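A quick write-up on the structure given underneath.
The values are calculated or read from the model by the stated rules, or taken from the named source; none is laboratory data. Remember, predicted model here, so these are calculated numbers, not experimental data. With ideal geometry, Cβ positions are generated from the backbone for all residues, glycine too; neighbour counts draw on all protein chains shown. Surface accessibility is based on the protein's heavy atoms, side chains included, excluding ligands, DNA and RNA. Shrake-Rupley method; radii C 1.70, N 1.55, O 1.52, S 1.80 Å.
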Amino acid sequence: MTPIASAPRIAVVGAGIVGLAHAVAALDAGYRVTVVEQDSAAVLASVRNFGHVGASVQAGELRELAEESLPIWHSLVERAGVEARRSGTLVVARSAAEEAVLHELMGRAPERARLLSGAETGDALRLDPSVRPRAAALLPDDITANPRTTVARIAAWVDAHERGEVRFGTTVHAVETGARGGVEVVTSRGALEADHVVVAAGHLLGRLFPEVAERGGVRECALQMVRVRAPHAMGLGPAVLTGTSMLRYGAFEGPAAEALRAELARDRPELLEIDANVMLTQQDDGTLLVGDSHATHDTAPPFLDERWSQLLLDEAAALLGARRLEVLERWQGVYAASDRRRILRESPVPGVTAVSVTTGTGMTVGLALGARTIAALPAAGRASAVPPAG
Ligand SMILES: Cc1cc2nc3c(=O)[nH]c(=O)nc-3n(C[C@H](O)[C@H](O)[C@H](O)COP(=O)(O)OP(=O)(O)OC[C@H]3O[C@@H](n4cnc5c(N)ncnc54)[C@H](O)[C@@H]3O)c2cc1C
């Protein structure tokens, strides 16, 4: 086993889920790890999301990464006290077109997925019988995490690790080839030298590597979110997706989803205009995270459009059979978006990996992305593996 002081060092820029995924994988592989985060706590995309680890609704490479991420989430519940539970995902259909999408989905859904009747769907959400939907697909393996505590818990675990360290309140100004053959990370609190650097700056990647962000077509996708009080006692159930979600995730793609898109364009154009994905997750404190709209910009304006929030709230209220939902908080989230690639992975400088999830699925795929990056590092700089520390 490599003595601690001579283990190769990895520096990670960004303490969001993607940066911390790399930090955890690097610690498990025996590296020394220093995470550098500009804010005094991570407050960007990784805390503003639904906490939905929706593996079952992804397709292709995202699905593979998502499935690899699930066991890592479970291990972080054990090791780092991450608040995450196997909630499953309930995809609710309220029209014939939506139900047709579910029937297509079932052909390629995970083995344990089940199609629920309207009554079973109502029971799962503890709805009044008068508002029963038509049907739902229950995808049991997906996870709901508490997005407000997750990255803080992982960062605390990294910082407490004998080979780990997290430097908050430290901005990285440059990442460049170092004088001694490694990589130099120039920060607002001095420089540090590492054998390898992972830049996981989310939508802020272009501040450090503008050409990489430009080549990757990275822009800012702004989303409107609300936290509401659950309108009735719902227990701690699954994450809930709806018809607009069926237009968004790869697992639903097919003729039925296209027919649904045409129906919504005709009957509910306002939902498509805000690129809505009406969904919610149930949190431990009895509140619901409800969203969301999408608008992509070079730089996202900070303003929340109240009509958009109302539309999302009205949809969620109708789904739950409530007259209105009591709003507790509103916020905007921004994630990196690209119409050229789903995940950006590049090496702008030897010894540096820049990683950004450009599809709004970082909670779902990020942990596996970290594991894959670290496993692929050249053997020369690789630490001798040690068993995962508790
Ligand atoms: C509203 C919303 C809902 C979403 N819902 C889901 C969901 O339910 N499921 C899902 O899978 N995904 C979801 N996503 C997407 C997911 O949140 C993101 O893909 C993921 O959080 C990106 O993680 P990240 O670590 O790359 O970025 P971030 O969380 O943005 O972290 C990047 C970090 O890098 C730091 N940083 C940047 N530049 C520097 C620098 N120069 N020096 C030091 N530090 C720096 C930043 O301060 C930040 O803390 C959602 C996103 C939003 C906004």
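Out of the residues in segment 103-128 meeting the condition of being in contact (Cβ under 8 Å) with a residue 40 or more places away in the chain and either under 25 Å from Ala262 (Cα atoms) or not assigned by TED's automatic domain parsing to the domain that holds Leu241 (or both), tell me which one is surrounded by the most Cβ atoms within 10 Å (Cβ to Cβ).
Top of the filtered list is Leu105.
Having 2 or more residues that are open to solvent by less than 10 Å² (accessible area, probe 1.4 Å) and of a type in the set (Lys, Arg) is the bar; report the strands (runs of 3 or more DSSP E) wholly within segment 282-345 that clear it.
On the way: elements: 287-291, 295-297, 327-337.
Ranges flagged: none.
Return the residue satisfying two criteria in turn: it lies in segment 218-234 and is more than 13 Å from the ligand (Cβ to nearest atom), part of a loop (DSSP other than H, G, I, E, B) and open to solvent by less than 40 Å² (accessible area, probe 1.4 Å), and of such residues it is modelled with the highest pLDDT.
Looking at residues that are more than 13 Å from the ligand (Cβ to nearest atom), part of a loop (DSSP other than H, G, I, E, B) and open to solvent by less than 40 Å² (accessible area, probe 1.4 Å), I get Ala230.
Could you figure out which of (1) surrounded by fewer than 21 Cβ atoms within 10 Å (Cβ to Cβ); (2) touching an Asp or Glu at 6+ places or on another chain (Cβ under 8 Å) isn't true of Val43?
Failing condition for Val43: (2).
On the given criteria, is Arg112 in a helix (DSSP H, G or I) and over 19 Å from Thr359 (Cβ atoms)?
No, not satisfied.
Look at Gly51 and say whether it is open to solvent by less than 40 Å² (accessible area, probe 1.4 Å), near the ligand (Cβ under 10 Å from one of its atoms) and at pLDDT 95 or above.
Criteria met by Gly51.
On the basis of being among the hydroxyl-bearing types (Ser, Thr, Tyr) and farther than 26 Å from Ala222 by Cβ, does Thr171 make the cut?
no
Within segment 1-58, which residues are without any contact (Cβ under 8 Å) to a residue 24 or more places away in the chain and assigned to a helix (DSSP H, G or I)?
Ala5, Ser6
Looking only at segment 293-317, count how many residues are out of contact with any Ser or Thr (no Cβ under 9 Å at 6 or more places or on another chain), closer than 18 Å to Ala93 by Cα and touching a residue at least 24 places away in the same chain (Cβ under 8 Å). Let's see the steps before the verdict.
Residues of segment 293-317 that are out of contact with any Ser or Thr (no Cβ under 9 Å at 6 or more places or on another chain), as a first pass: 294-304, 306-307, 310, 313-314, 317.
Remaining after also requiring closer than 18 Å to Ala93 by Cα: 313-314, 317.
Imposing the further condition that a residue be touching a residue at least 24 places away in the same chain (Cβ under 8 Å) reduces the set to 313, 317.
Selection size over segment 293-317: 2.
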